[in-house]
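The values are calculated or read from the model by the stated rules, or taken from the named source; none is laboratory data. Since we're looking at a predicted model, the values are computed, not measured. All Cβ positions, even for glycine, are placed from backbone atoms using ideal geometry, and neighbour counts span all protein chains on display. Only protein heavy atoms, including side chains, enter the accessible area calculation; ligands, DNA and RNA are left aside. Shrake-Rupley method; radii C 1.70, N 1.55, O 1.52, S 1.80 Å.
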Amino acid sequence: MTKADIVSEISKATGIDKASVLLTVEKFMETVKDSLSNGENVYLRGFGSFIVKTRSQKTARNISKNTTMIIPEHNIPAFKPAKVFMEQVKK
């Protein structure tokens, strides 16, 4: 399912025009990205959590040049689904 499909489904279900729904969905995604960029987690009860995980420093190898390099500690975005969500998907 794409963003356009989501906008169409919400528009059909609520009767709100697609332009307004699209603006709302895009603003939601922007807000989540901004919050994660600032190190703040986003919790949506019954759906899940968008969290910032810290990857520790590690050593990697460049096989073509046969060299090693150190990848520094860095943050990555992650999604952790809620228990209710997981149970619904497992059915």
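Some notes on this structure:
- Lone unmet requirement of (1) open to solvent by 60 Å² or more (accessible area, probe 1.4 Å); (2) among the hydrophobic types (A, V, I, L, M, F, W, C); (3) within 22 Å of K3 (Cβ to Cβ) for M69: (3)
- Any chance V89 is assigned to a helix (DSSP H, G or I), over 21 Å from T2 (Cα atoms), open to solvent by 60 Å² or more (accessible area, probe 1.4 Å) and among the aliphatic types (A, V, I, L, M): no
- If the condition is being assigned to a strand (DSSP E or B), of a type in the set (V, I, T) and farther than 26 Å from F28 by Cβ, then region 55-77 contributes T59, T67, T68, I70, I71.
- Check on K3, open to solvent by less than 100 Å² (accessible area, probe 1.4 Å), of a type in the set (K, R) and out of contact with any Phe, Trp or Tyr (no Cβ under 6 Å at 6 or more places or on another chain): yes
- Residue check for V52: within 23 Å of M29 (Cα to Cα), assigned to a strand (DSSP E or B) and open to solvent by less than 100 Å² (accessible area, probe 1.4 Å): yes
- Close pairs (7 angstrom Cβ cut-off, 6 or more residues apart or separate chains): touching a residue at least 40 places away in the same chain (Cβ under 8 Å) in region 51-77, part of a strand (DSSP E or B) and hydrophobic (A, V, I, L, M, F, W, C) anywhere: P77/F50; P77/V52
- Looking only at region 48-91, residues that are over 24 Å from D34 (Cα atoms) and charged (D, E, K, R) come to 7 in all.
- Checked against the criteria, K80 counts as part of a strand (DSSP E or B), of a type in the set (K, R) and surrounded by 12 or more Cβ atoms within 10 Å (Cβ to Cβ).
- Of residues in region 9-39 being open to solvent by less than 100 Å² (accessible area, probe 1.4 Å) and not in a helix (DSSP H, G or I), the one nearest to E73 (Cα to Cα): G39
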